[in-house]
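Since every read-out is calculated from the coordinates, none of them should be taken as a lab result. It should be emphasised that the depicted structure is a prediction, and the values quoted were computed from it without experimental measurement. So basically every Cβ, Gly included, is an ideal-geometry build from the backbone, and we count neighbours across all protein chains shown.
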Amino acid sequence: MGIPCDHKKTNYIRMKKILVLALVFLLAYETHAQEVVSKEIEIGIVEKLGQTIPLDLKFFNEKSDTVTLGSMINKPTVLSFVYFDCPNLCSPLQDGIADVIGKTEMILGKDYDVITISFNTKDTPEKAREKKKNFVQKIKEDQRGSWSYLTGELENIQKITEAVGFRYKPTGMDFAHPSTIIILSPKGKITRYLYGVTFLPFELKMAIGEALKGQAQPSSNKLYDYCFAYDPQTRTYTLQFTRLLGSFVLVIGLFFVLYLYISSRKKSTKAPK
């Protein structure tokens, strides 16, 4: 005896609804998770790929000249944030930038530029000039002018750091902050984030090529940022257990829904006709 067509149709509609609800739940969860992560992060990076930075912001270069970001960015640009009295990440980051500049086959000033902005309002063009001398020694002398060090006022610093999602926080006399470089297109569009204090020449070359075309690409270290958060007390990254547990439960739930769907399909197939 076969299964009535109405029963088959009802069963199919029921499973279809389950799958639709599961998909809606997944999308809602992902949206909520992104919003929660964005709000939770006080120190770290909130990626803003595809967005354009405010190019009218004014800063002082190491020569004490007033410049706008728009006047400086006309080719792919490597953007970094530091403060000049930083006891930890800033010097290794700038060493890493200088090192990869020296190792890549691209020419600084021709293929791309580098801009480093201090987020400490106490830093001055004079300090920027002295700090720059420490790190440009690794690169060719005729390319050193294409690595600019900028200082500025609080309002403009806050606008540019928020525009790229660079979150930092004062901690006593110092700052807790992430370590990353941000790749910009010639029009100031954010196309890639590269994390850490050392960078592969091939990775930078790819990022520069993408920026030249204005192509925003997700970062390979995004999973790391999701799983870990910076602890300003210990100055280390800690595992976000609750966040990972929630994701695990979601995955298990989706597998369960899929299992119910497959089981239902098998029963319908094996039923006598």
Let's see if you can work this out: charge +1 on each Lys and Arg Cβ, -1 on each Asp and Glu Cβ, no other charges. What is the dipole magnitude of the range 115-158 about its Cα centre, in debye to the nearest 20? 280
Label the range 44-220 by shape, choosing from rounded, prolate and oblate, from the square roots a ≥ b ≥ c of the eigenvalues of the Cα gyration tensor; if a/c is under 1.5 it is rounded, and otherwise prolate applies when a/b is larger than b/c, oblate when it is not. rounded
Could you count how many Lys pairs in the range 54-147 have their Cα atoms under 20 Å apart, skipping same-chain pairs fewer than 8 positions apart? 26
How large is the charge dipole for the range 44-220, taken about the Cα centre, if only the Cβ atoms of Lys, Arg (+1) and Asp, Glu (-1) carry charge, to the nearest 20 debye? 240
